[in-house]
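Each reported figure results from applying straightforward, stated rules to the coordinates on display, with no laboratory input. Computed from a predicted model, the values in this text were never measured in an experiment. Ideal geometry is used to build each Cβ from the backbone, glycine not excepted, and the neighbour counts take in all protein chains shown.
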Ligand code: CA
């Protein structure tokens, strides 16, 4: 059976928001490499910014060494790059006391033909809009979302909890980390959103769904999402990376 070739297009916007003095989010993507990454850094002083930027840079540096013939399978290469990014952040924090404890979330897509892998550490999220319906593909590694999954807390309580910032898995805070990996088959028209919690804390999924359902260029859609999150409060840095699968 002939399978349609899928092409990907992408666009991203990051914004400091309205309350934070700096932007500790970072993103990077390469349609050629089939890899798309959003990171949300944490740590005192400028440490969060260093951690998220280092993570994105390290992932793409490693992927660029994948070799001319792409002999390493894409998922393996992505997992190895994430491990290396973890080591780079961790060892830098060990060497510099001011950076001690810094870390970052990471949510990534690795796409090869119709095969899509979503890799996740922390509480940045990946969503997919398919046939007008928005679905969250990742599970947050956060204390409150784990409580929700165990039935001990409602979504509303999680959003209001003073512990909502506590994440249970991060890149760079320990010598080893394993991302969650989800595998999907892309359908033409699928629209993937990678975003930091600065978006999802401000906008309910219903609003994200209706925004993404508009037939507009990805750059316009991502800008509009960020603007909507700023209008809703903009308490945190906001990053949106959109990836569309087209025939
Ligand atoms: Ca954040």
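Couple of notes before you dig in:
- The chain - percent relative contact order, Cα under 8 Å, separation 6 or more: 28 percent
- Ranked by how many other beta carbons lie within 10 Å on average, peptides 132-143, 103-114, 41-52, 169-180 from highest: 103-114, 41-52, 169-180, 132-143
- Peptides 81-92, 119-130 ordered by packing proxy, namely the average of other Cβ atoms within 10 Å per residue, highest first: 119-130, 81-92.
- Gaussian network model of the chain, Cα within-10 Å springs - most flexible of 118, 166, 37: 166
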